[in-house]
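The values are calculated or read from the model by the stated rules, or taken from the named source; none is laboratory data. None of the values given here were measured: they were computed from a predicted structure. Because the Cβ atoms are built from the backbone with ideal geometry, glycine has one as well, and the counts that use them run over all protein chains shown.
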């Protein structure tokens with residue numbers, strides 16, 4: 001097994017990884033979105049320097065997607081419209097820059113992710129994001145992106161733990177609803 005050469009592109013990928021970790025640690029949505037925008041800018045440079053132009057273009061579109069998120073989330077109709085527009089931009093990225101199947105993996109993942117954010121919430125959305133992260137992980141493994149692989153392993157792990165925590169919370173709520181309230185008669 002050979003390891004990828006560490007260079008400026010890989011260093012920028014690691015900076016993007018740190019930005020993603022920062023973003024996911026935030027409790028306020030505005031800081032989460034800001035962290036995602038900053039990390040996306042680093043990913044644009046990382047993938048461009050690695051000659052992965054479709055992935056670079058897709059992460060550039062992510063900046064638009066994250067920037068419009070606060071406005072789109074306020075209205076379900078607008079959320080779907082933004083998802084459709086962004087999905088069309090992702091397809092354009094693929095048509096312009098994809099040279100082989102691997103180049104389509106981040107595009108497909110990003111389209112799925114956009115619609116998941118627009119149409120789903122809670123556990124269902126996070127389950128779809130397991131698929132999205134798996135697509136990105138496959139792409140990053142095949143592209144030898146150290147920061148990308150670390151990011152996707154971290155996101156998959158955090159997301160899986162969050163799904164388990166949400167299921168546990170649902171089970172507790174259901175158990176609480178089934179127990180009689182008040183002192184015994």
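Numbers below:
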read-out: Filter result (modelled with pLDDT of 90 or more and surrounded by fewer than 17 Cβ atoms within 10 Å (Cβ to Cβ)) within region 3-13; value: 7, 8, 11
read-out: Region 36-61: number of residues that are farther than 21 Å from residue 144 by Cβ and crowded, with 21+ Cβ neighbours inside 10 Å; value: 2
read-out: Meets criteria (under 22 Å from residue 159 (Cα atoms), modelled with pLDDT under 90, within 18 Å of the chain's Cα centre (by Cα) and surrounded by 17 or more Cβ atoms within 10 Å (Cβ to Cβ)) for residue 33; value: yes
read-out: So residue 79, is it farther than 16 Å from residue 105 by Cα and crowded, with 17+ Cβ neighbours inside 10 Å; value: yes
read-out: Residue match in region 80-97 (condition: under 18 Å from the mean Cα position of the chain (by Cα), within 24 Å of residue 5 (Cα to Cα) and free of Cβ contacts under 8 Å to residues at least 60 places away in the same chain); value: no
read-out: Residue within region 100-119 that is out of contact with any helix residue (DSSP H, G or I) (no Cβ under 8 Å at 6 or more places or on another chain), at pLDDT 90 or above and under 23 Å from residue 50 (Cβ atoms) present; value: yes
